[in-house]
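Report on one structure; see the data block that follows.
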Amino acid sequence: MLGRSHLLVGAAGYLTVGQAMIHYANHRPLTPGELVAGTVVCAGAAMLPDIDHPNATVSRALGPVTWFASRAASRLFGGHRVGTHSLPFAALMSLLVAYGLAHVHSQILAFFLCFFFTSLCVRVMTEADGAVCAVISAGVASAMIMGAPGHQWLADAIGLGCLLHIAADGVTTEGICLMWPLSREKVRFPICGNTGGMRERGVAICAGLLTVWFYAHLVILPNLFH
Ligand SMILES: [Zn+2]
């Protein structure tokens, strides 16, 4: 799928199945701040697995830094739609973020992650240039850190974003290597057809409508108009 489709699937997936799963796993509902911040981070993280492709938005996000990261990821994970499109990769990202937030400068790392994934969303949705994306994303990331001070939601949102990307690519013709490195066999249920096709656009529109609906009912109506 294309970057914008992944973004919308990531946002819709977080607001529907994702927040319900996190609620069940953590034995408490997400706060309004976590819900808003988690939706943005999950939408951005839903583009992360395409770091294995040099032309993907995530690979061009931070110039030479993400270009080298893309080259390294492609070699390390076996090329496009192989290792980064597997369940072990999603688990690894979630665990790495959780470990980093617990043992490294947590506020700085949390800010960087919020900034990075927000900038991906801003770039894909607005096609603004790098400086504009950076200014907007820095402001939004600061608000996220203040509005959602814990860090578990961040690791959950990133892991879930990767899972949603894998699921979305799994229903295209090209498929994914779900169980890499145990197996390189492609898994595919091509109900969405080819990447960028009409069926993918339909899925993206449905995901956008679901995002608006659930955002209104989970965030805006209960907190602003109760
Ligand atoms: Zn992909």
### Query
Is region 73-81 home to any residue that is more than 20 Å from VAL41 (Cβ to Cβ), in contact with a strand residue (DSSP E or B) (Cβ under 9 Å, 6 or more places away or on another chain) and basic (Lys, Arg)?
yes
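Here is a yes/no grid of residues against (1) over 22 Å from MET1 (Cα atoms); (2) within 15 Å of the ligand (Cβ to nearest atom); (3) in contact with a Leu (Cβ under 7 Å, 6 or more places away or on another chain); (4) open to solvent by less than 70 Å² (accessible area, probe 1.4 Å):
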{"residue": "VAL97", "(1), (2), (3), (4)": "yes, no, yes, yes"}
{"residue": "VAL104", "(1), (2), (3), (4)": "yes, no, no, no"}
{"residue": "GLN107", "(1), (2), (3), (4)": "yes, no, no, no"}
{"residue": "GLN152", "(1), (2), (3), (4)": "yes, no, no, no"}
{"residue": "ALA155", "(1), (2), (3), (4)": "yes, no, yes, yes"}
{"residue": "CYS162", "(1), (2), (3), (4)": "no, yes, yes, yes"}
{"residue": "ALA168", "(1), (2), (3), (4)": "no, yes, no, yes"}
{"residue": "PRO181", "(1), (2), (3), (4)": "yes, no, no, no"}
{"residue": "ARG188", "(1), (2), (3), (4)": "no, yes, no, no"}
### Summary
Among helices (runs of 4 or more DSSP H) entirely within region 1-74, at least 2 residues that are within 16 Å of the ligand (Cβ to nearest atom) and without any contact (Cβ under 8 Å) to a residue 40 or more places away in the chain occur in 57-60
### Message
So, in region 75-91, how many residues would count as being within 14 Å of the ligand (Cβ to nearest atom) and either assigned to a loop (DSSP other than H, G, I, E, B) or charged (D, E, K, R) (or both)?
### Response
7
### Task
Output yes when any residue across region 84-101 is among the aromatic types (Phe, Trp, Tyr) and touching a Cys at 6+ places or on another chain (Cβ under 7 Å), and no when none is.
yes
### Message
Given the criterion at pLDDT below 95, more than 18 Å from the chain's Cα centre (by Cα) and on the phi > 0 side of the Ramachandran plot, identify the matching residue among GLY130, GLY175, GLY147.
### Response
GLY175
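The values are calculated or read from the model by the stated rules, or taken from the named source; none is laboratory data. Nothing here was measured: the structure is a model prediction, and the numbers come from that model. Here the Cβ is made from the backbone with ideal geometry for all residues, glycine too, and neighbour counts use every protein chain on show. Ligands, DNA and RNA are stripped out before the accessible areas are found, and what is left, the full protein with its side chains, is counted by its heavy atoms. Shrake-Rupley method; radii C 1.70, N 1.55, O 1.52, S 1.80 Å.
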